[in-house]
Structures are given as structure tokens and as C-alpha cells.
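A short worksheet on the structure shown next.
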Amino acid sequence: MSVTEALVAFSIAAGLLTLTPGLDVALVLRTAAVEGPKKAWLAGFGVCLGTLGWGAIAALGLGALLAASEIAFQVLKWAGAAYLVWLGLNLILKPRRRFEVGHAKAAPRSDLGWLWKGALNDLLNPKAGVFYISFLPQFVPHGVPAAPFMFGLACLHVAMGIAWFAVLIGATRPIAGALQKAAVVRWLDRLTGGVFLGFGVRLALERR
């Protein structure tokens with residue numbers, strides 16, 4: 001896989017992941033609807049900081065392992081492939097019928113509090129960490145330093161997130177309404193699940 005192919009493949013997969021509603025989308029939508037766009041942006045930037053944190057953890061830890069150990073590569077490859085296949089099949093076979101935006105809980109009082117809330121929303125979600133550890137390494141082309149390339153992919157994912165948050169905050173009500181339609185949520189889940197399943201199979205067949 002060349003650098004260009006890796007970037008294109010990652011952009012497709014990460015783009016779908018960004019659009020699929022989850023905890024981060026719920027936080028930004030709730031905050032935009034209840035607290036206004038400024039607080040929603042602060043929460044969104046906090047989420048992005050959390051994503052960069054997971055990206056740094058994955059890049060630094062896995063980059064060293066992948067460079068030093070064939071055994072680590074094989075273990076990570078099969079564990080990541082199994083996780084992505086499992087995640088993909090669950091999204092395809094058991095798509096959600098509804099994405100619940102929910103109600104706002106106790107709100108932080110300061111701007112820094114909103115930033116911190118967004119970061120914790122991402123950093124304290126173990127699924128985000130497991131996903132990044134499973135997902136990022138398979139997009140590293142042969143001969144490219146793993147750690148900086150994986151962190152660069154995380155930065156690309158954050159850029160997509162910022163663009164999507166801009167859309168969410170700018171059109172909170174219609175998007176929130178659309179994401180509560182069963183057909184929309186099922187379609188997004190199944191499409192994303194198909195992509196994850198495909199990448200899981202590809203990872204299982206990947207040679208170093």
C-alpha cells in the first residue's frame with residue numbers, strides 16, 4: 001500500500017466513522033441545542049483533544065512495538081482484525097433503530113470546563129482507545145515510520161471531526177431530527193459496519 005492509497009483508504013473509513021452518531025455527536029448536539037454554539041464548539045474542541053490523545057497513545061506505543069517485534073505485529077494484526085470484524089458484524093446485523101440525543105446533564109460553568117468535558121467524553125470511552133489501537137496500524141504503508149504516520153492519521157481524523165462539528169452546530173435541529181429517524185440510523189450503522197468488516201478481513205490477510 002502506498003502513502004496515497006493509505007490516506008485515501010483511511011479518509012473513507014474515518015469519514016464514515018465521523019458521520020456515524022455516537023457519544024461525541026450526542027454531546028455536541030445536546031450542547032448546541034441547550035447551551036448555544038460557543039459552548040458546543042468548546043465541547044467539540046475538547047473531543048478533538050481527546051482524539052489526539054488516543055492518537056498519540058496509539059502512535060507512540062504501537063509504533064515502537066511494530067518496529068521492534070514481529071510477534072507484536074502478528075498479535076496486533078489478528079486482535080485488530082477480530083475486533084473490526086466483530087464490530088462490523090454487530091453494526092450490520094444489529095443496527096440501532098434510534099439515536100438518542102438525550103437531555104443535557106449538569107453543565108460546566110466555565111469555558112475551560114466545557115473543553116474538559118469534551119476531552120473526558122472521548123478519553124474515558126474505552127471503545128475509542130480499543131478502536132484506535134486496532135484501526136490505525138493497518139494504514140501504515142511499508143517502509144514508513146509508524147509513529148509519526150499514525151499520529152498524522154489521527155490529526156486527519158480530527159480535521160474531519162471539526163468539519164462535521166461545524167455542520168452539526170450550524171444545523172442542530174434538522175440534523176438532530178434526521179438522526180432520530182430509524183431508516184437513517186440503520187443505514188449509517190450498516191454502511192459503517194460493512195466498511196469495518198471489509199477492513200477487518202483485509203487486515204487479517206495483510207502481510208508485513
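The values are calculated or read from the model by the stated rules, or taken from the named source; none is laboratory data. Nothing here was measured: the structure is a model prediction, and the numbers come from that model. Here the Cβ positions follow ideal geometry from the backbone for every residue, glycine too, while neighbour counts run over all protein chains shown.
Some values worked out for this structure:
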quantity	calculated
All positions within the range 121-148 that are outside any helix (DSSP H, G or I) and crowded, with 22+ Cβ neighbours inside 10 Å	140
Any chance residue 130 is of a type outside the set (Lys, Arg), modelled with pLDDT under 80, under 13 Å from the mean Cα position of the chain (by Cα) and under 18 Å from residue 86 (Cα atoms)	yes
Where a residue in the range 168-180 is within 15 Å of residue 37 (Cα to Cα) and its partner, wherever it lies, is polar (S, T, N, Q), with Cβ under 9 Å and at least six apart	169/31
Filter result for residue 139 (modelled with pLDDT of 70 or more and out of contact with any Cys (no Cβ under 7 Å at 6 or more places or on another chain))	yes
Enumeration of residues in the range 4-17 that are more than 18 Å from residue 186 (Cβ to Cβ) and either surrounded by 14 or more Cβ atoms within 10 Å (Cβ to Cβ) or hydroxyl-bearing (Ser, Thr, Tyr) (or both)	4, 6, 7, 9, 10, 11, 13, 14, 15
Of residues in the range 149-206 being of a type in the set (A, V, I, L, M) and part of a loop (DSSP other than H, G, I, E, B), the one farthest from the chain's Cα centre (by Cα)	171
Test result for residue 32, part of a helix (DSSP H, G or I), in contact with a Leu (Cβ under 6 Å, 6 or more places away or on another chain) and over 13 Å from residue 119 (Cβ atoms)	no
Filtered residues of the range 26-70 (kept if at pLDDT 70 or above and over 30 Å from residue 175 (Cα atoms))	56, 57, 58, 59, 60, 61
Every pair of residues 6+ apart whose Cβ atoms lie under 6 Å, when the first sits in the range 76-90 and is of a type in the set (A, V, I, L, M) and part of a helix (DSSP H, G or I) while the second is surrounded by fewer than 18 Cβ atoms within 10 Å (Cβ to Cβ) and at pLDDT below 75	81/204
Identity of the residue in the range 71-99, surrounded by fewer than 17 Cβ atoms within 10 Å (Cβ to Cβ) and aromatic (Phe, Trp, Tyr), that ends up modelled with the highest pLDDT	86
